[in-house]
Amino acid sequence: MKKVEVKYQVPGYLIGFIIIVLVYQFSVPVIKNFKLVRKIEGLINYDRELFDGPPEIWDVKEQIELNARYFKIPLAEKDIKITAIENGYEVSIEYTYEVNLIFVKVPWKFQSTHITEV
C-alpha cells in the first residue's frame, strides 16, 4: 500500500461511522412509529365475529397511550384525537419526536390517521 492511500483511509472510516450513526438515530423513531401504527390499526379494526361492537373510546385512547409509553414515544393526551363514526372510530395522532444528535436535537413530526375498516 502506498502512503498516499493510508492518509485517506481515516477520514473515510470517520465519514462511514458518522453515516452509520445518523442512519441509526433516524431509523429508531420510524420503527417505533410503525409499531405504534400497527397497534392502533389492531385496536380499531376489531374482529367482528368475536365482539359485538367497537371498544369504548376511552379504552382505545388508554391503549394508545400505554403502547406509546411502552415504545417510548412522546405522545401526550392532546396528541390523540378519536372520533366515533359508524361501526367504529377515526383515530388521528400527531406528535413530535426529538432525534438527539451529538450537538443538536432535531424535531421530527409524525402524524397518521386511521379509520375502522368496515
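One residue stands out among those in segment 37-51 that are within 16 Å of ALA84 (Cα to Cα) and part of a loop (DSSP other than H, G, I, E, B): the one that is modelled with the highest pLDDT, which is ASN45. The residue that is surrounded by the most Cβ atoms within 10 Å (Cβ to Cβ), counting only those in segment 29-40 that are touching a residue at least 60 places away in the same chain (Cβ under 8 Å) and among the hydrophobic types (A, V, I, L, M, F, W, C), is ILE40.
It is to be established whether one or more residues within segment 3-26 are charged (D, E, K, R), at pLDDT below 90 and not in a helix (DSSP H, G or I). Please lay out each step first, then the result.
So in segment 3-26, the residues charged (D, E, K, R) come out as 3, 5, 7.
Remaining after also requiring at pLDDT below 90: 3, 5, 7.
So of that shortlist, the ones also not in a helix (DSSP H, G or I) come out as none.
No, the conditions are met nowhere in segment 3-26.
Of everything in segment 70-118 that's assigned to a strand (DSSP E or B) and of a type in the set (Asp, Glu), which residue is modelled with the lowest pLDDT? For segment 70-118, the residue satisfying everything is GLU90. Taking the criterion of being touching an Asp or Glu at 6+ places or on another chain (Cβ under 7 Å) and not aliphatic (A, V, I, L, M), the residues of segment 78-109 that qualify are ASP79, THR83, GLU94, TYR95, LYS105, PRO107.
The values are calculated or read from the model by the stated rules, or taken from the named source; none is laboratory data. Model, not experiment: these values are computed from the prediction. So basically every Cβ, Gly included, is an ideal-geometry build from the backbone, and we count neighbours across all protein chains shown.
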